[in-house]
Structures are given as structure tokens and as C-alpha cells.
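Below: one structure, written as C-alpha cells.
No value in this document is a laboratory result; all are computed from the given coordinates. Model, not experiment: these values are computed from the prediction. Here the Cβ positions follow ideal geometry from the backbone for every residue, glycine too, while neighbour counts run over all protein chains shown.
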């Protein structure tokens, strides 16, 4: 291009001292003029051929660049058929994933930390395979608050996790930060670059986030990194009003348009455990689910299934814990469990169909359905001893040992010797038969 060095001479001297070098590849004159901050009628001299070019003049062709059109067949033959996932189905090489969530509430950094751990070890994440790779992480957190998070995720002793704190990038422009991060990825073989959060590192202050042009400018360097085959994750905060996935991120919608996968991490509703999160997604990849319920455990995040299935399983567990031998109506179960009526209906239908609870009644106003535990699952009632007062002498005295089946002990008499041998074995020594059986008779009978 005619201004490969991008430095010209203007009345005020060298134009800002900027060098655009390869960044200006394919730029027309108007864009180059704008990048240098030149006025409408300024003449500069290009560094390559010394020609004078007036800024108010038309674009200066320097030889038409041949654009590399290819056929679909050739593209398909030269590109892999399978998606090169790093963490299926959330992060892929050559693609950008955006993670949105409420600041200090959704748990974005914690989610990223557990994903990083899986990538470093090559272990599954949320039940899906992960390709082992070093990771480069740019974090806005202060070291004092970042270290405890590393400790919780088991990352304090890793040499394959490369960190850059925002405080150490002050004075360096965003393109320079991205260039340094990409170079670190190449040096270490890292296949995953994470920026937490993008607006902080890109220096997007005030209303800049709402500017579509500024958003695209911030995404440009990251798109170049992804084009080199790296996986990129950027995080952003949700706007105050929230919204649907793809619209909830703070600032311009141009951010969402420049990425391949958008994830929104949110807390569950008031009926969920505090460790529950809902992961909503919009994706260019078919493998990415629209929504997944996950839970943070001591072993990390685990997948619990779709929101519908999760709600049904939670409702079934609550109903089973409430139903007993005393029949309860649907209204009573709703009040007892605190669940929504629709959730209780769905749980009852599946539990009855699977034979886990019984249903009684006709389902009418005068005879509503009532639900109780299945008879076979109810605990056995505690029965009274089969040895009555009149048989105790036979069971505990001479008749038990000499005549265990004696009719005087009753048809359900207990052979205590046989029972004891099942516990102590054949080494059991039988007691001597007492000669005075009157000693075995209760005082009430002896006195009679």
C-alpha cells in the first residue's frame, strides 16, 4: 500500500508519529486520513515514494489487491469437518465466546476458573470433553482478591496458567495489550485466551460501551487472534435491567454480533439452592444447548440438565418427601412444598405413572384426588411379641431347650438356642437345665 509506514509530513510536523504498518492493509485514503487525525485540506508526503497527496482529494489507488475468492467445495475440502472444540460446546478454536452476568453476583470469574482448571488438566467440564491446553488470562481483579479465587479452584501451583493484571497494562493501548497476549499464547502454546472483563482492558469508559463503532474497534484485535486459531473468551457485565441472552450485556449490541457464542450466567429463582446457576446460550454451533442448569459443588460445576427437567426432578423430590401414609390433596401438597401448582401437577403425574405414590379419590369437587405412599413402600408396623405371658416359661426355661416345638409354647414359639447359634456359631455352650422350674415362674403366678 502507498503509506505502508503510515507516517506523513504535515504543516504541524510528522502526523502524530503514528505507524500503522500492516494494520493499514486494505485501507482507503479516507480511513487512513481519519486514523491520522488529519484535517479536511492537509497535504502529506508518503514515506515510500515521497508523493504529495492532498487530503481533500479522491482515494489514491495503489494497485488493486487480488482478493482470495474460493469455491465452497474447496473451502469444505480444506477446513475440518468437526468443530475444533477446546471446551465442548462452549469454546472452540478460531471462535470467540462472550460470558455475561451480573457483577459480583452471577459468578462469572468462578465459572471461568473451573473451566480453566479443566483446560489445564484436560478433564471434562460440565460433563463434556475438554482439550488440554495452557491458558493466558487477563484479569481486572486486584491480586488481593484474585488469590483466594485461585485457591478455591486449585490453581495456585500452576505454571501453565499465565496471568496479566489490568493494573500492569496502564499506559499501553488495547491493541498493544492484545498483541502482547497473543505473543504469550504463541510462546507458551496456549490455545485459550481469556479477558475478564473486556471493557476494562479496552479502556471503554463513560458511554463508550454504547457506541457500536467503539465496540467493533475493541473486538477487532480479538477477531484477529481468533482467526489465527486460538480460542477467545471475553466477559462483560449485565446491564441493570437485564434482558434476554444476547441483549443483557451492558453496552452496544455490536459486541454480541462480533462473537460466535454468547453465554449468560444467572442465579436460579427463589426456589433454587444458592449454588444453582442457569446458563443461557446463543450460538452459531448446533452443539451448544439453549439452556443448562448447573450447580457449584466441592468438585466444581456439574450439569443438572435442562431447566424443565431440573424443575421436574426438584418437584418430584419435594413431593416424595411430603407424601406419607395420610392422604394429601393437591392443594395441601402445594401448600406444604411451597412449589408452583404446575410443578406439583407434573411431579404427581410422573410419580403416579412410575408407581412411586398412590392416588385415591375421583378427582371431583366432593371427592378430590388424594395421594399417599405406595403400600409396598410403607414401613412395616411394629408387631407385638409372639411370645405371650403364658409362654414365657416355655421359651426361657427347660421347655425351650428340651422341647423347642412343644405345643405349650404355642405354634409361634421361638427356638432361642437356634437363634443364638446363628449369631455365635456352634461354640455356644448351652446352660444347664434348672431343676427347680418354679424359680422361672413370675412372682404373680407363684403367689397365685
Between residue 308 and residue 141, the two model label points (7 Å from Cα along the beta-carbon direction) sit apart by a distance in nm of 3.7 nm
Residue 156 and residue 172 label points (each 7 Å along its Cα→Cβ direction) are spaced in nm at 2.7 nm
If the chain between residue 297 and residue 69 were fully extended at 0.36 nm per residue, the gain over the current Cα-Cα distance would be 77.1 nm
With a ≥ b ≥ c from the Cα gyration tensor eigenvalues, square-rooted, and the rule rounded for a/c under 1.5, otherwise prolate when a/b > b/c and oblate otherwise, the range 90-171 is rounded
Length gained, residue 356-residue 239, 0.36 nm per residue minus C-alpha separation, equals 37.6 nm
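Given a Förster distance of 25 Å, report the FRET efficiency between residue 367 and residue 321 from their Cβ-Cβ distance, rounded to the nearest 0.05.
Details: r = 26 Å, r/R0 = 1.04.
After rounding to 0.05, the efficiency reads 0.45.
Ranking request for peptides 100-108, 126-134, 296-304: highest mean number of other beta-carbon atoms within 10 Å first, then the rest in descending order. Don't skip to the end; give the middle numbers.
Numbers: 100-108: 18.9, 126-134: 17.2, 296-304: 14.8.
The packing order, highest mean first, is 100-108, 126-134, 296-304.
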Compactness check, the range 85-305: C-alpha Rg relative to the 2.2 N^0.38 Å globular estimate gives 0.94
Residue 375 and residue 186 label points (each 7 Å along its Cα→Cβ direction) are spaced in nm at 7.8 nm
Note on the range 64-129: contact order normalised by length, alpha-carbon pairs under 8 Å, 6 or more apart, percent, works out to 25 percent
Shape call for the range 310-377, from the Cα gyration tensor axes a ≥ b ≥ c (a/c under 1.5 means rounded, otherwise prolate when a/b beats b/c, else oblate), comes out oblate
